[in-house]
Structure formats: structure tokens, C-alpha cells
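Here is the structure we will look at, set down as C-alpha cells.
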Amino acid sequence: TEEQAQDQPLQQQIYDWKLVTSWPKNFPGLGRAPETFAKYVNEMSGGRLTITVYGAGELVPGFEVFNAVSSGSIEMGHAGAYYWKGKIPAAPIFSAIPFGMNANEMSAWLHYGGGLELWRELYKPFGVIPFAGGSTGVQMAGWFKKEIKSIDDLQGLKMRMPGLGGEVLKQVGALPVTLTGGEIFSSLQSGAIDATEWVGPYNDKTFGLHKAATIYYTSGWHEPGTTLEFIVNESAYTSLPDDLQKIIEVATRAVNQDMLDEYTNANFLAMQQLIEEHGVQVKTLPEDVMVALRQATDEVIAQKRAEDPMFEKIYAAYDTFFEGVKAYHTLSEQAYYENR
Amino acid sequence: MSSISLLIDKLNSYLGKFVSFATILMALIMFAVVVLRYGFNVGWIAMQESITYLHAAVFLMGAAYTYQHDAHVRVDVFYRRFSARNKTLINLIGTLFFMLPTSVFITWACYDYVVESWKLKEASMEPGGLPFIYILKSFLLVFSLSLFLQAVSELIKHSLALITNEVSA
Amino acid sequence: MEWLALVLFVAVCAALLFGYPVALTLAGVSLIFAGLGIVTNTFDASYMLTVPNRLFGIVNNTTLIAVPLFVFMGVVLEKAKIAEDLLISMSTLMGRFRIGLGFSVVIVGMLLAASTGIVGATVVTMGLLSLPTMLKRGYSPQLATGTICATGTLGQIIPPSIALVLLGDVLGNAYQKAQLDMGIFSPDSVSVGDLFVGALVPGLVLVLMYLTYLIFVGIFHSNHVPESGQTNEHGSVLSLLIALLPPLLLIIAVLGSILFGFATPTEAAGVGAVGALILAVTKRALNVDNLKHIMRETTKVTSMVFLILIGASIFSLVFRGFGGEELLKGFFSDLPGGMFSAVFIVMLIIFLLGFILDFIEITFVVVPIVAPILITLGADPLWLGIMIAINLQTSFLTPPFGFALFYLRGVASEVIKTEQIYRGVMPFIGIQLLLLIIIAAFPELVTWLPDLL
Ligand code: NA
Ligand code: NA
């Protein structure tokens, strides 16, 4: 909605926007990013563009963010692209691919490797413009009630894991289960499920998952650097003057980095506490499990590429970039990790 | 006029009785999900999701039927003591100003939403979920349309009741 | 224009009193207000465009799937006449004590409450079966009707209960919202299962209080109870055990599978529904007509509940659109006395609203607005949930509009005066309020068991 500010000598328009999110308001990390974004925009625009943030369910349910922004009833949203998998099969590429790119690599692909253009092309038919909206960094494989010694232990394992990771898990014989946010903790605690993934130490500790299971598996093969998104209704965006459009763009870039910084800081502190104060055992998934998961991931992705032309097109670009950056990062980042 | 009302009542009554079978199906499938998962370590998310579809069918498509049977709860503090004529009057006014606008508004608001989902043949986002979200969303329109029709039927019935009552009085 | 939100609330309450179905009144009045707001430029029209998203959110809410399943289970048990067998065998066994019959009623009520969550059926069954016997044996009409009404409402607080399912869903969201608003990330979450476990001890305490009250009356107001027990009756322990078996099996199947981790509350509801069906089949109480009746009743109750949820969702959207939430937040955070005075006021409001509104309406309309505020002020969500549940349970008993009273009035003979029923439930309302005070003073009663598990 727009209203005229009458006492201004220049006829300056004030834009009053709503931003809906897929997370509860102020949710650590994920939910703080849209708040920071709104604050940046409000300040940078000198109050000409004010953005009010609504948590999941306050105006629309978390999984309805895209629909609401697409229909134009809401101007902006903050969510994760994998939530739109049911209507846009290629969308998950822009949040997380199992065994895919990490936060740093994703951001590079989006902003310098042509990823963002493909993303915009994908959302164009819906009248929605995406911006990178932060990253959680490498996640954790999840909380398990019992040890995973070999691939056999995954057979019939009842695990809550959404998205492509869930499909991969199903492929190797596990039993992905859907649960609402409120059911996850109590189901893990009571043993109704054997394992669940959530995010990383920062969010998992907040959620209290260490009270329900003691074994914390690494790494987050299924979400190696989950990217979030700011989405803007196209006609709302084009109705803005150029300077306000630029403010939105710059603020998303700032928040994209800011969320990763918040996670990096909070994750290591939380992991320290989990291990030292709560006696959590951090374990690595055995190699045969990793081999099986990697193989299943290839199968799942091959299937997606065959099913959907947009998935094929975007994944081909993603993969080309990934292969290149992976080779370089083996020589640089990985070599350094082993040296330091 | 009253034949239109009769037809609508019949239609919604069939609809309600039809979806009532979903209640026992829900119970049986849910039971099967639990037994299969904890007894045999197998399960399908599609099976879990089918219960959501049945559940939605029951409460959305059963709403008009429930109205017919006057089973939507009322605050009957005063209502209980009203004369039959006043009750009819309240139901006429309520239907005209509450039920009719509500059903029209929901139909109007949901139409594009449902059509958009059909265009995409929207599927579940869960691994192995049901690919029929567009059908699930369509239940919203069946709900609002059946409620709208019921409102029309009630308006006819209540108006006729008031008129004939006046004649006899 | 925040005051318009309050006008909306008052208008809805006023409109409800005319007696048109609650769900449609909620939606209709809210739509009219939104329309007026849009015309007068005091309401942002884009709010209303989120209605499809919100409705689909209700469709996708898997926690609430427990509602039709528990309703189904309750209707099946009613048809299978489980309560009848139990009451007869227990009262013949305990009939030799002066207050034996009263005790039987309370204990059977507790067992029924633990196997299902429907108030009406329990009150009607008890009213038909035990009220005439109690009167014949020499219980005063007040004590007899009061005991039956109060016992019949136990299904609300003793899990599994539809009230707790609805509250759990609403409170889970409220808790998350409140924690994050505070920036204090307490690691607790609250779910339907937590509320079930948390309600067990308070529910049992309530049963003990009812029984204690019966003993108290037996000793100090013995004119209300028979002068002696029925010495000529010799019920067999065996027939009691046989009658006890079905409800106990169901209780184990439903509560057991939740407590021991075989199923979520929603799944347990499915287990209970099928368990009840199997019981009904073994008792030969199921035929095609019965089954049709069961399915249609379940459809009606479910549609009724969810249409209210839909109406409440439209109401809360419009209420929020007018800035109502901010208004209330301001009111409660400025209250002197902090959390306790805020909880006290909310409890008082819910108690008073309970005179005219049903627990479903209060849960959907009032709780989502006040709960996040109270939790932000420091109220433990589980404790708050059980406090609200007990308070709502009381609303079934408060004259003149308590549902339990209607149900009993419907089946009690004309010899019993309505005032006698009203006077009969008074002590039990007192007991409920006493329990509220006890739980306010000792929150451990709620939190102890969930912490243990
Ligand atoms: Na995750
Ligand atoms: Na119960």
C-alpha cells in the first residue's frame, strides 16, 4: 500500500510493505535475517520504504509464503527455495543439493557464476524476483537415538528429513517421516522416530534436540550450505523508484553475508556447549554409508534431470560451476584445512 | 423455489454422507501406518498424506451437511427461548449477512489460488508425497460452493416459512 | 484506529448472543468490519487476500487430524455401551458402602475420560444409568446430579482429550512466538503430547478431590447420602474385571503408545479409533446402521469444530488488521503485578467467557491472542495450558449455560429441579477453582511428569 506524505514539499511517496517468512518471528538465524533486512531498508531509505516482518502463521502459514508473494497480496517474503519443490521441481537447487556446494560456493555461483539469472528465470512466470537471503553454512546430519555402524543400520530407520535429502534416504532403505515442527521433539524423545535432522548446533540446541537424543552425526551431507531467499513481488518491485530498488538489492546482499556470519559464530559456541555441558557425542557417519548416500544422490538427481527440463538446464549450469570450484577448493581451502 | 431448495439439500446431504466414509478410512489408514511402521519398519509418506486429504474432505465437504442438521454450535443462551418465528428470523438474517457473504468471499478469494495450483499440477514437497495438492486445494472451493448453495437453500426455506407463518397468523 | 479491533470483538460477542451458528457469525461479522474498514480507509485490504493461504494452512495442519479420530473413537464407545457394563458391575460391587455408588460413578467417569474425550456422551450415559439408582438409594438430588455432571467433564482434562489437542496446537505456536519475541531461546517446546502428559497428574488430583469431597459429605452432611449401603448386593470381582478390560485395553493402547513412543498423539488417536471398533465388534454392538451413524456423527462434530477454526482464523486476521494484537500487548504489559496479575485477569476472562462460549471458541479466538503475551511475561506454557484446560473444563459446569448441565437436564426426570442441578454443581465448581489455585501454587503438579519422561 502506498500513501502520500502530505507535509513533504517534494511529492515523496512512502511505501509500506509487508514481508512474510517461513519461520517464527525472531527465530535464531533464519528469522533474524528478515528483521535485520527490514531495519537496514527502513534506515537506508530514511523511512520512505518501511517493511513490517510477519512470522510464519501470523498472516500466512510458512509454506504459503511463495503463493502470497506471487499473488501480490504480500510484497515480500523470506523463505527457502526447497519449500516450493511441489510446484517448481527445480527450486531446491537454489537452497541445497545433497553433496553439493557450500555457502561460499553457492554465493559465488549466484552472484558471479550466472546462478541468480537462472533463479530469476525460474521464478519469472510467477511474477516473483528472488534474491539470495543468507545461508546456514554446513548443517549437521542430525540427532540419532542409536549409533549407525553400517548401511544396514539405516534400513527402516525412521527419520524426519524433508526435501531431496529425504528422497536420498528413502533410496537407501530408510523411512522418511513427516512431522510438524511441534511433533519433532516429542516424537524423537519418545522414540516414535529414531532420528531427525534440523539445522546446525545453534538452532538444534535452541530446539532442545540434545535432550531427546545424544548422538549428533556430522556432516550435513544433505544440506551442505543451505541458501535462503528473499522474494519480491515483481510489480511491487517495479513500482519502486530506482534508489529504493537499489536499497533492497544492497540490503539483501548485506543480510546474505550477515546470516552466515551469525551462524558461524553461534554454531561453534553452541557446539562447544553441546559437547562440554550436555555430553553430546559427535560422530562421523561411516564411509560405507557415505558411499551409499552419494550413489543414491546421483540416482535421485539423474531422475530429476530426466523429469524436468528446467531442472536439467539449471543443474547442468550448477554442476559445471561446482566441478570447477571443487577442483580449486581442493587445492586451496581443503589443503589449508589439513595444514592448519 | 422450494424445489431448488430441496435439490440443494439433497445434493449437500449426499456430499456429507459420501465424505462421512472418509472418517473410518482415516482411522483404518492411520492404524495401518502405525502398525506398518512400528511392526514392520515400512511406510510411505503418500499413505500419511492420504489421511490429510481424507481429513480435509470430511471437514470441508461436510460443513453444509452439518449445517443442514443444525450441528454447527450456537450460543443458545437466548436462542433456546425464542419463538419458532424469531428463530427463523435470526436464521434468515444470519444466513443473509453472515453465511452468504462468507461463502461468496471464500469462493472469490480462493478461485485464483486453486486455478494457479491446477496450472502447475502442484505436488507434495515431501519425499514420496502425493502429487495431488491441486485436488486438495480444490476442496476449498467445493467447501465454499456447497456452503453457498446451502445458504441459498436456507434463505428460500426461511423466507417461505416466514411468509406462510404470516398468512396463517 | 486500534479501538476498532475492540469494537469488532464486542460486536462479535454481541452478535453471538443472537444464537446464529458461532463459526459463521465470527466470519460474517469480521468480514463486515473488514469491508467497512476498507471503504473508510482504516483497513489494509491486502490482509483479506491472505485468506486462501490461511485456509490451506488449516487443511495442512496434521496435528488437528487427531480431532476426527478421537471423535470417532468416542462415538464408537458410546455405541458399544462400554460405560454401562462398567457402571453396573462396579456399583454392585461397591454398593455395600454408603458412598459406594458415588465412588463408582467418579471412577467409571475417570476410566471413560482416560479412554476418550467426549463430554456429552459420558454425562448422558451416567445420567440415564446412575441418576435414578442414586436417587433411589437415598442420595440427595444435588449430590447425585453434581457428581454426575462433574465426573462427565473429566474427559476434557484427562488425556486423551480433544480440548488438549486443540490447546496444544495453539499453545505450541504461541510458545514459539513468545520465546522468540523475548530473544530468550529456552530449549523447551510444547506439543500436544506434552500437554497430555502434563494433564495426567492434575486430572488424577481432580479425581481424588472429587472422591475426598464425597467422603467429606458422607461424614459431615450425611443427610445427602444413603443411611447405609446395600448389604444384599454381592457383585463379583470377576464381572468387574471383565467390564474393566475393554477400557483398560484402550487406555493402554492410546496413552501407552504415546508415553512409550510407539506413536504421536495423532497416530495414537487412529489406534484408539480402530481399537474402539474392534471392541464394538467383539461386543456385537456394530452393524451397518450403527456404523453409518458413527461416521455421520463424526463428520458433523468434525465439521463443526473446523468451521469454527475457519471463522476464528478470519476473525483473528481482521482483528490483527485493525491493530488489535498490539493493543492487547500494550494493555497486558502495562499491568501492575506482572505475570501473575496478567494470568489472573486472563483466567477470570476465560472463566467469564466460559459462561457463554464453548471451549473450542475460547481456544481458537482468545488463547492465540493472550497466550503469547502471558508466555512472554514469564508463564510456563505447559502450566498455562493446563490452567486454561481446567478453566475451560469448569465452563462445562457453570450455570446457566454449562453444556454438562444441558446434557443432564435432557435426560434427568422432571422430578429433579433445575435449581437442584445448579446447586449440585456449585461445590464441584469450587473444587475446580481450588485445583486452579493449587496448580498456580504448585506448578510442579503439571511439570513433574513431563520432566521425568
Ligand atoms: Na536442515
Ligand atoms: Na479424555
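Can you find, within region C:402-434, the residue that is farthest from C:PRO132 (Cα to Cα) among those that are part of a loop (DSSP other than H, G, I, E, B) and over 22 Å from the mean Cα position of the chain (by Cα)? Ranking the qualifying residues of region C:402-434, first place goes to C:LYS417. Just to be sure before I move on: is B:LEU15 in contact (Cβ under 8 Å) with a residue 40 or more places away in the chain and facing chain C (nearest Cβ under 9 Å) in the structure I sent? No, not satisfied.
With the structure loaded, tell me whether B:SER153 is within 13 Å of chain C (Cβ to nearest Cβ) and either surrounded by 18 or more Cβ atoms within 10 Å (Cβ to Cβ) or touching a residue at least 40 places away in the same chain (Cβ under 8 Å) (or both) or whether it fails that test. The answer is no for B:SER153. Residues in region C:285-336 that are polar (S, T, N, Q) and assigned to a helix (DSSP H, G or I): C:ASN290, C:THR298, C:THR299, C:THR302, C:SER303, C:SER313, C:SER316, C:SER333. Does at least one position in region C:29-41 carry a residue that is within 8 Å of another protein chain (Cβ to nearest Cβ) and not aliphatic (A, V, I, L, M)? Checking region C:29-41: not a single residue is within 8 Å of another protein chain (Cβ to nearest Cβ) and not aliphatic (A, V, I, L, M). Take residues that are more than 30 Å from C:ALA263 (Cα to Cα) and either within 16 Å of ligand 2 (Cβ to nearest atom) or of a type in the set (Gly, Ala, Ser) (or both) and tell me which of the helices (runs of 4 or more DSSP H) falling wholly in region C:45-117 contain 1 or more. Counting at least 1 such residues, we get C:82-94, C:100-115. Put simply, of A:PHE185, A:PHE144 the only residue that is away from ligand 1 (no atom under 14 Å from the Cβ) and facing another protein chain (nearest Cβ under 9 Å) is A:PHE185.
Among the residues of region B:125-137, those that are facing another protein chain (nearest Cβ under 9 Å) and not in a helix (DSSP H, G or I) comprise B:MET125, B:GLU126, B:PRO127, B:GLY128, B:GLY129, B:PRO131. Considering only residues in region A:189-235 that are within 14 Å of ligand 1 (Cβ to nearest atom) and among the polar types (S, T, N, Q), the one that is nearest to the other protein chains (Cβ to nearest Cβ) turns out to be A:THR206. The residue pairs whose first member lies in region B:95-124 and is within 7 Å of another protein chain (Cβ to nearest Cβ) and in a helix (DSSP H, G or I), whose second member is surrounded by 16 or more Cβ atoms within 10 Å (Cβ to Cβ) and of a type in the set (Phe, Trp, Tyr), and whose beta carbons are closer than 7 Å, counting only pairs six or more residues apart or on different chains, are B:PHE98/C:TYR20.
Residues considered: A:PRO176, A:PRO125. Of these, the only one that is within 11 Å of another protein chain (Cβ to nearest Cβ) and touching a strand residue (DSSP E or B) at 6+ places or on another chain (Cβ under 7 Å) is A:PRO176. Every condition in (1) within 21 Å of C:PHE306 (Cβ to Cβ); (2) out of contact with any Cys (no Cβ under 9 Å at 6 or more places or on another chain); (3) of a type in the set (A, V, I, L, M, F, W, C) holds for B:LEU96 except the one numbered (1).
Please tell me if C:TYR20 is part of a helix (DSSP H, G or I), hydroxyl-bearing (Ser, Thr, Tyr) and more than 22 Å from the chain's Cα centre (by Cα). No. Selection of region B:23-47 for residues being more than 8 Å from chain C (Cβ to nearest Cβ) and without any contact (Cβ under 8 Å) to a residue 40 or more places away in the chain yields B:LEU25, B:ALA32, B:VAL35, B:LEU36, B:ARG37, B:GLY39, B:PHE40, B:ASN41, B:VAL42, B:GLY43, B:MET47. Being β-branched (Val, Ile, Thr) and within 30 Å of C:PHE355 (Cα to Cα) is the requirement here; does B:ILE93 meet it? Criteria met by B:ILE93.
Entry remark, region C:189-237: residues being among the β-branched types (Val, Ile, Thr) and modelled with pLDDT of 80 or more number 8 in total.
Of note, B:TYR38 satisfies the criterion of being assigned to a helix (DSSP H, G or I), of a type in the set (Phe, Trp, Tyr), surrounded by fewer than 19 Cβ atoms within 10 Å (Cβ to Cβ) and out of contact with any Pro (no Cβ under 9 Å at 6 or more places or on another chain). What about C:ILE438, is it surrounded by fewer than 19 Cβ atoms within 10 Å (Cβ to Cβ), of a type in the set (A, V, I, L, M) and either under 25 Å from C:LEU200 (Cβ atoms) or within 14 Å of chain B (Cβ to nearest Cβ) (or both)? Yes, satisfied.
The values are calculated or read from the model by the stated rules, or taken from the named source; none is laboratory data. It should be emphasised that the depicted structure is a prediction, and the values quoted were computed from it without experimental measurement. FYI the Cβ positions are ideal-geometry reconstructions off the backbone, even for glycines, and counts take in every protein chain you see.
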